[in-house]
Amino acid sequence: MTISAPTVRARVLGAPGHRHDEILTPEALEFLGLLVDEFGDRRLHILRERKRVASRLASGSPFGFSVATAAIRADGSWKVAPPAPGLTDRRVEIAGPPDRATTVDALNSGAQVWTADFEDATSPTWDNIVGGQLSLLDAIERRIDFTTPEGKRYRLGRQLATIAVRPRGWHLTEEHLEFDGRPAPASLLDFGLYFFHCAQRQIDAGHGPYFCLPKLESRDEARLWNDIFVFAQERLGIPRGTVRAGVLIETITAAVAMEEILYELREHSSGLAAGRWDYLFSLIKTFGHRTDFLLPDRAKVTMTAPFLRACTELLVHTCHKRGAHAIGGAAAQLPGQDADAHRAALATVRLDKEREAEDGFDGSSVAHPALVTVCREAFDGVLGARPHQIERTRGDVEVTAAQLVSVRRTSDPPTPEGVRTNVVVALRYFAAWLDGRGTVALDGLMADAATAEIARVQIWQWLRHRVVERPTVLKLMEDELACLDAELPRAAINSLRELFERTALATELPDFFTTDAYSRHLVHRPEGQS
């Protein structure tokens, strides 16, 4: 380890919490400071480039595969690194927030991999962020067992899922921690704290520091992450190539840069995974001003929609061509108390996972432990004893850029129920997020930040093209706020109304609701107070 003596550049603004000092050590903060110094300016450049590309596409520039990187796609000689220990068989993955109860349940779930999600599944209160790091450290040290005041016991079993960490995206900052008076990039904080405390511990346990990278939009963003991995490994004396990182394809610009993303990460790559809500969210943000990109109720836009199927088939072909795992989209269904509804939910998940396995995916993701078995059975039926099907390269697949954004056969006007559902989901999720909960059960599904994002941008798109009238949305908003009024204080109701109006009803669409809500509501507030 080559970390120098701690400096006083770091300033922790978040309220001190139980055992925070075990994570926010002087040495860990010094390591974070090195990451910020080395990569902070490049992050800002990435964000400026995102805006430039978005403006160019909104102005009518062609959308497609880059001519400048055609040689990378044409070169058949390169492959990504072989699977790392604990990542060879990934037929079932589970994702969720790194709170202590979820950590234990996910690790015991029977899934091969657990993604500890600091991005879409975590409301970034300071206690959630530092507490999540403590959960990971304690899980690796096998000291996370606990009993709730109600008497429920949480104990780690013998066979545990492999841990991967999903840091927050490049667009977010962590204003509870400053370096030289500037907020820390949230992605570097989530990565850096976990890497500093757990990388060597994971290696000693037979695995390694593994990650899942969210919301990448270009090969340059993948290259930035790769350079971070190289730098961090060198600083802490960890062999280069020990890190593995998968990438969620959840933006339309990443969909036409899959090979380039794998290429930039190739010595550290663990493949690609398919997104759904964030992919639709990205599509609307980029092309939502155009009438030919008008989407129907989100429940009608399934993964069998032609433009989404084009993306998933390209993902499998691309990954297997380069020796990488291809992981399917997440199933958000929740087990229900009603037996018929429960069986229907499982049947839906089974059909979806069987389709993915037959299409060539090597595994898929679920949001609840009750879905692990049905997902495993679907992939067992295709894989058998094989750990994956990377050898199936899907040479029959030919996908054009136009197919990736061709929504014509999916376009349809929204229904009144679809409009109401989006208003309710956005408001109810906003309420949970502001209260410090990053996941919430809504209508039999596990909702996270991506669910709320697609809900609110669809409202914005429908209003922009006047397929829904503004008074209709305002009445639905007030009706739902009236329902929430009995559950929440008046100040919280006002915050929800303002947040919905700013992020769903404004003339210009904000890029993310999380940046708005974070800066206005979560920064420096006392923990537990919404």
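The values are calculated or read from the model by the stated rules, or taken from the named source; none is laboratory data. Not measured: the values here are computed from a predicted model. Note that we place each Cβ from the backbone using ideal geometry, even for glycine, and neighbour counts take in every protein chain shown. Surface accessibility is based on the protein's heavy atoms, side chains included, excluding ligands, DNA and RNA. Shrake-Rupley method; radii C 1.70, N 1.55, O 1.52, S 1.80 Å.
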* **Count of the stretch 38-56 residues which are farther than 17 Å from residue 219 by Cα and touching a residue at least 40 places away in the same chain (Cβ under 8 Å)** => 2
* Structure fact -> residue 115: passes all of (1) in contact with a strand residue (DSSP E or B) (Cβ under 7 Å, 6 or more places away or on another chain); (2) surrounded by fewer than 22 Cβ atoms within 10 Å (Cβ to Cβ); (3) within 30 Å of residue 177 (Cβ to Cβ) but (2)
* Positions within the stretch 86-106 being assigned to a helix (DSSP H, G or I) and in contact with a helix residue (DSSP H, G or I) (Cβ under 6 Å, 6 or more places away or on another chain), in sequence order -> 100, 103, 105
* Asked: Would you say residue 520 is modelled with pLDDT under 95, more than 15 Å from residue 432 (Cα to Cα) and not in a loop (DSSP other than H, G, I, E, B)?
  -> yes
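Results for (1) at negative phi; (2) in a strand (DSSP E or B); (3) of a type in the set (Val, Ile, Thr); (4) in contact (Cβ under 8 Å) with a residue 40 or more places away in the chain, shown as yes or no for each residue.
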residue	(1), (2), (3), (4)
433	yes, no, no, yes
450	yes, no, no, yes
458	yes, no, no, yes
467	yes, no, yes, yes
473	yes, no, yes, yes
516	yes, no, no, no
* Structure fact -> Taking the stretch 283-332 and keeping residues of a type outside the set (A, V, I, L, M, F, W, C) and more than 27 Å from residue 395 (Cα to Cα) leaves 285, 286, 288, 289, 290, 291, 292, 296, 297, 298, 300
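Residues 91, 43, 100: which one is open to solvent by less than 60 Å² (accessible area, probe 1.4 Å), in contact with a strand residue (DSSP E or B) (Cβ under 8 Å, 6 or more places away or on another chain), under 22 Å from residue 195 (Cβ atoms) and of a type in the set (Lys, Arg)? Break it down into steps so the answer makes sense when it comes.
Values: 91 fails: under 22 Å from residue 195 (Cβ atoms); 100 fails: open to solvent by less than 60 Å² (accessible area, probe 1.4 Å).
None of the others qualify; the one that does is 43.
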* **helices (runs of 4 or more DSSP H) wholly inside the stretch 300-384 containing at least 1 residues that are under 30 Å from residue 419 (Cβ atoms) and open to solvent by less than 20 Å² (accessible area, probe 1.4 Å)** => 306-321, 339-359
* the stretch 463-486: number of residues that are of a type outside the set (D, E, K, R) and under 15 Å from residue 500 (Cα atoms) -> 10
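Table: residues versus (1) closer than 30 Å to residue 512 by Cα; (2) open to solvent by 20 Å² or more (accessible area, probe 1.4 Å); (3) assigned to a helix (DSSP H, G or I).
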| position | (1), (2), (3) |
| --- | --- |
| 120 | yes, no, no |
| 123 | yes, no, no |
| 127 | yes, yes, yes |
| 132 | yes, no, yes |
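In the stretch 365-378, what residues are within 17 Å of residue 326 (Cα to Cα) and more than 23 Å from the chain's Cα centre (by Cα)? Before the answer, list the steps.
From the stretch 365-378, those within 17 Å of residue 326 (Cα to Cα) are 365-366, 375-376, 378; that's our starting set.
Answer for the stretch 365-378, where residues must be within 17 Å of residue 326 (Cα to Cα) and more than 23 Å from the chain's Cα centre (by Cα): just 378.
Looking only at residues in the stretch 163-181 that are in a strand (DSSP E or B) and either over 27 Å from residue 200 (Cβ atoms) or in contact with a Leu (Cβ under 6 Å, 6 or more places away or on another chain) (or both), which one is most open to solvent (accessible area, probe 1.4 Å)?
The initial filter retains those residues of the stretch 163-181 that are in a strand (DSSP E or B), namely 163-166, 173-179.
When the remaining residues are screened for being either over 27 Å from residue 200 (Cβ atoms) or in contact with a Leu (Cβ under 6 Å, 6 or more places away or on another chain) (or both), the result is 173-176, 178.
Details: 173: 38, 174: 0, 175: 59, 176: 3, 178: 35 Å².
Checked the stretch 163-181; the qualifying residue most open to solvent (accessible area, probe 1.4 Å) is 175.
A quick yes/no check of all residues on (1) open to solvent by 20 Å² or more (accessible area, probe 1.4 Å); (2) in contact (Cβ under 8 Å) with a residue 60 or more places away in the chain; (3) over 25 Å from the mean Cα position of the chain (by Cα):
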| position | (1), (2), (3) |
| --- | --- |
| 461 | no, yes, no |
| 477 | no, no, yes |
| 485 | yes, no, yes |
| 500 | no, yes, no |
| 513 | no, yes, no |
